[in-house]
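Quick notes on the structure that follows.
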Amino acid sequence: MQLFIDSSSPEEIRQARQWGIIDGVTTNPSLMSKVGPDAQAALAAVVEASPGQVFCQVIGGQDVATLKAQARWLHKFSSKIIIKLPMTIAGLKALQELKKDTPQMPLAVTAVASIAQAYLVAKCGADVVALFNGPLDQALDQPVDLVAPIRKVYGNYGFKTRILSCGRLPRAFGEFAAAGTDICTLRFEFLKLLFEHPYTESRMNGFMRDWHSTYGDKRWPEA
């Protein structure tokens, strides 16, 4: 499973990159709006900071020609970009036409919130289905199991579309990974939580307390 950071902040991306755990970056219009007013410069900074692929969403949802034109521009902007199209009739129509004209253009469909939508996305030829399972989990205050049934549907019909999950807390992250998601993306504050657990902290504090009680500030020799 690949791990992405959901961010438009080059500073956050670079810090997470230093941890050695992220493979790329996901963005969305809400995140990009926080780093205005020059959207192109902001996107360029994100692309430069990312260690790998960058998901970037076209703006709008109902006009096929507009969606296609933006997708072509983003494809030329950087080879690292995976273009996100909206989960609308126009978005899926644009997906099919773009794949016919430029098969190598990497395309995802975003804001997918049901198994039926995920089926349509794969049937239309998307490279990635971007699930809103994390936000759904948070909004409904209950676990939302989308990855496992979508994985099964894709296996049933030979779809090669990769599954991207939008994670929140470590519990959901673990469930998405166990269910077989291909990519999980988390905001910076949630990404940091993956390193943490109260039991780990308690045990490490106990180890250090016991060591210091006998050896004080001594450590093992350093080579």
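A short reminder: the numbers here are calculations on the coordinates, not readings from a lab. Because the structure is predicted, anything quoted here is derived from the model rather than measured. As a convention, Cβ positions derive from the backbone with ideal geometry for all residues, glycine included, and neighbour counts pool all protein chains shown.
Below are the figures for this structure:
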item	result
Residues with amide H under 5 Å from that of ILE82, placed H, sequence gap 5 or more	VAL54, PHE55, CYS56
Rough spin-label spacing in nm, given labels placed 7 Å along Cα→Cβ, for ARG72 and ASP217	6.7 nm
Positive-end residue of CYS124, THR214, PHE176, charge dipole of the chain with Cβ unit charges	CYS124
Reciprocal of mean inverse Cα separation for the chain (Kirkwood radius, Å)	18.9 Å
Projected label distance in nm at LYS100 and ALA65, using a 7 Å step from Cα toward the beta-carbon	1.7 nm
Order of THR214, THR200, THR88 - criterion: other Cβ atoms within 10 Å of each residue's Cβ, fewest first	THR214, THR200, THR88
Angle in degrees between helix 89-101 and the longest Cα principal axis of the chain, rounded to the nearest 10	80 degrees
Zero-based 5 Å bins, Cα pair distances in the stretch 1-64, whole percents	4, 19, 30, 22, 13, 8, 3, 1, 0
Sites ALA39 and MET1, calculated FRET efficiency, Cβ-Cβ separation with R0 30 Å, nearest 0.05	0.50
Cβ crowding within 10 Å averaged over residues, with 74-80, 111-117 ranked highest first	111-117, 74-80
Largest-first ellipsoid semi-axes for the stretch 100-223, taking √(5λ) over the Cα gyration tensor eigenvalues, angstrom	42, 17, 12
Positive-pole candidate from PHE159, SER79, GLY60, dipole of the stretch 2-215, charges at beta carbon	PHE159
Mean ellipticity per residue at 222 nm, deg cm²/dmol - from DSSP H runs of n ≥ 4 across the chain, formula -39500 (n - 2.57)	-15000 deg cm²/dmol
Gained length - TYR199 relative to ALA113, 0.36 nm times residue gap less alpha-carbon distance	27.6 nm
Centre separation in Å (Cα based) which lies between the stretch 40-107 and the stretch 156-196	22 Å
Given charges at beta-carbon only (K, R positive; D, E negative), |dipole| of the chain in Debye	600 debye
